[in-house]
Structure formats: structure tokens, C-alpha cells
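*Asks:* Have a look at the structure that comes next, please.
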Amino acid sequence: MLKERRKYIGVFDSGFGGINILRGIVKELPNYNYIYLGDTARTPYGTRSKEVVYDFAKQAVDFLFAKNCGLVIFACNTASSDALRKIQQEYLPKRYPGQKVLGVLVPAAEEASAKTHTQRIGVAATEGTVQSGAFIRELKKINPRTKIFQNACPLLVPIIEEGEQDSEAARLILKKYLAPLIKKRIDTLILGCTHYGIMERQIKAIISKEIAIISEARVVPKKLRDYLKKHPEVEQGISRHGTIKFYTTDLTEKFTKLGSKFFGKKIDAQKIILS
Ligand code: DGL
């Protein structure tokens with residue numbers, strides 16, 4: 001078999017949501033080659049233990065480096081919370097010295113810190129991300145005086161995946177999730193889950209105009225551009241043919257349908273097994 005020569009930027013998520021982030025990245029940086037990996041067979045990650053998420057994340061890293069990725073991005077907030085740090089500190093130095101894996105949490109935290117005037121930041125995320133305290137850790141690192149208010153929104157992922165985001169039930173659930181954050185007089189809200197950007201319009205209709213929304217699908221592509229500029233040794237290794245390949249651990253009609261919706265155009269995916 002011919003060895004793959006092209007080098008890719010790998011984008012990994014627990015399922016479909018990261019396709020929304022990939023879409024933003026491709027819009028900002030259309031020339032690079034990309035590989036998307038969605039672990040749809042084992043999604044959601046948001047309700048799993050950190051040990052299990054770490055194991056899954058390691059398998060994703062193995063797959064993407066085997067596919068010749070020169071840089072991997074965890075588009076999944078849950079995987080970016082605890083697993084990413086362990087991957088960066090323990091797994092990469094041992095297995096892939098010199099290789100880089102980045103996440104979505106730090107870019108979102110940096111943007112939120114730059115936007116807030118009152119240092120009162122809200123985070124809407126999955127149970128796993130909230131419990132990890134990773135957003136608190138990253139935001140406090142930037143400014144220890146920041147007050148962070150988190151709320152887990154476990155019903156939003158299934159609502160979005162069922163295409164129910166415009167329903168009255170979704171509006172009521174969203175209102176319930178956002179109320180405690182609004183009550184804390186936040187001036188910035190991080191949408192700390194891959195899917196939530198899809199509901200930005202509905203979120204805007206509930207919160208005050210004064211609250212800045214941090215959407216990872218907007219922030220991550222810009223931060224990636226900055227990163228590649230600052231790291232020519234990584235940037236020069238990525239091929240530029242504008243190729244995009246999609247891999248999934250469970251190829252269902254739903255993946256192609258939702259994936260195409262999240263990506264904004266039809267996608268073709270290949271099924272693979274992670275182990
Ligand atoms: N991709 C996950 C995240 O951003 C949401 C879906 C899941 O729970 O797996 O946290």
C-alpha cells in the first residue's frame with residue numbers, strides 16, 4: 001500500500017457537533033487538508049467518566065496520527081476538559097514526541113476574558129465539562145478575579161440532534177438552563193459545547209443584548225489561524241489541497257444527514273473502528 005504523503009489537520013469530536021467547528025475552520029482556512037473523526041458509535045461523551053473519555057480520546061489521537069495528521073484539534077469540549085491535558089502532558093511525550101494536540105476550551109476562555117467588562121462569565125456546557133471545572137481553571141488562569149457561573153444543559157444535545165431546536169419545548173428548556181446564569185448578572189456567555197452554536201439564535205432571543213456570546217465555531221478558527229502563524233514548523237507540514245475526509249465510528253443515515261446540515265453541504269463519510 002502506498003504511504004499517504006499528504007498531511008492533514010485532524011479534527012476530532014464525540015459525534016456530529018464538531019462538524020460545526022470544522023465548518024468554521026474550513027471557512028477561515030480553506031486551503032489546508034482536513035480529516036474529521038466523529039466517534040458517533042460512543043457519543044455522547046458528556047455523560048461519561050473522565051477515565052473513559054481519556055481512553056476514547058487516546059484512540060482518536062492514535063487514529064488521526066496514523067492517518068498522517070500534522071496537528072490534531074479536539075473540537076469536543078468534553079474531551080478538551082480533562083482528557084486533553086493528560087494527553088498533552090503524558091501521552092504525547094511518550095508516544096508522539098513533538099506532535100501537537102489542541103483543544104477548544106482555551107480559545108473560548110481567552111476570547112471570553114477579552115470580551116468581559118464585569119469579569120462575570122457564564123458557561124453553558126455538558127455535565128462532564130461542567131464537572132471537570134476546566135473552564136473555571138482556564139478562566140482563572142487568565143484572570144484570577146473572574147467569577148464563573150456554570151450550568152450543565154444535558155437536554156440540548158439530543159434536542160439539536162433531533163432537529164427540535166425551534167420547538168416550544170426547546171425554548172422552555174433553554175430558558176430554564178439560562179435563567180440561573182442570567183440571574184448571576186453575567187455579561188459574557190460561553191457556549192461550551194460543540195452543538196450549542198446551532199442554537200445561538202434561540203439563545204439570543206432569551207438573553208439580554210448586553211451579554212456577549214462566545215461561540216467556538218467563530219473563535220476557534222481565528223485562534224487556529226494565529227496558532228499556525230506563530231508555529232511555522234507545524235504550518236509548513238500541513239498539505240494544501242483543500243481535501244476534507246470524514247470518518248465516523250458508526251455510519252448511519254443520521255450521520256450523513258446531520259453532518260451535512262452542520263457542515264453546510266453534503267458530506268461523505270467512511271466507517272472505521274477505534275480501539
Ligand atoms: N461534543 C460534546 C461537547 O462538546 C457534546 C456531545 C457529547 O456529549 O458527546 O462537549
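*Asks:* With a 10 Å radius around each residue's Cβ, average the other Cβ atoms per peptide and rank 122-131, 174-183, highest first.
*Replies:* Most protected by this proxy first, the peptides run 122-131, 174-183.
*Asks:* Using a Cα-Cα cut-off of under 12 Å, which aspartates and glutamates could be cross-linked to Lys223, ignoring same-chain neighbours fewer than 8 residues away?
*Replies:* Within the straight-line cut-off, Lys223 pairs with Glu28, Glu110, Glu111.
*Asks:* Starting from the Cα of Lys176, draw a straight line to each of the aspartates and glutamates and keep only those under 20 Å, dropping any in the same chain fewer than 8 residues away.
*Replies:* Of all the aspartates and glutamates, those that pass the test against Lys176 - Cα under 20 Å, at least 8 places apart if same chain - are Glu127, Glu161, Glu162, Glu164, Asp166, Glu168, Asp187, Glu200, Glu210.
*Asks:* Indicate the gyration tensor shape class of the range 162-275 (rounded, prolate or oblate), computed on the Cα atoms with a ≥ b ≥ c the square roots of the eigenvalues: a/c under 1.5 is rounded; otherwise a/b larger than b/c is prolate and the rest oblate.
*Replies:* oblate
*Asks:* Output the pairs from Lys100/Lys265; Lys58/Lys147; Lys141/Lys229; Lys204/Lys271; Lys141/Lys175 with a Cα-Cα distance over 26 Å in this structure; if there are none, say none.
*Replies:* Violating the 26 Å limit, Cα to Cα: Lys100/Lys265; Lys58/Lys147; Lys204/Lys271; Lys141/Lys175.
*Asks:* While we're here: Compare the peptides 102-112, 45-55 by average per-residue count of other Cβ atoms within 10 angstrom and give them in order, highest first.
*Replies:* 102-112, 45-55
*Asks:* Would you mind getting the accessible area per residue of the range 50-92, heavy atoms of the protein chains only, 1.4 Å probe, in Å²?
*Replies:* 33 Å²
*Asks:* On the accessible surface of the range 49-123, probed at 1.4 Å, how many percent belong to carbon and sulfur atoms? The partial results should precede the final answer.
*Replies:* Working: 1420 of 2970 Å².
Taking all protein chains in place, the range 49-123 shows 48 percent carbon and sulfur surface.
*Asks:* In Å², what does the accessible area per residue of the range 165-275 work out to with a 1.4 Å probe?
*Replies:* 56 Å²
*Asks:* Let me ask you something else. How big is the Cα convex hull of the range 21-89 in projection, averaged over all directions, in nm²?
*Replies:* Numbers: hull surface 19.7 nm².
It is 4.9 nm².
*Asks:* Across all directions of projection, what mean area in square nanometres is found for the Cα convex hull of the chain?
*Replies:* That works out to 14.0 nm².
The values are calculated or read from the model by the stated rules, or taken from the named source; none is laboratory data. All of these numbers come straight from a predicted model, not from anything done at the bench. In this analysis, Cβ positions are derived from the backbone assuming ideal geometry, glycine residues included, and neighbour counts consider all displayed protein chains. Each accessible area value is taken on the protein alone, full model and side chains, heavy atoms only, with ligands, DNA and RNA left out. Shrake-Rupley method; radii C 1.70, N 1.55, O 1.52, S 1.80 Å.
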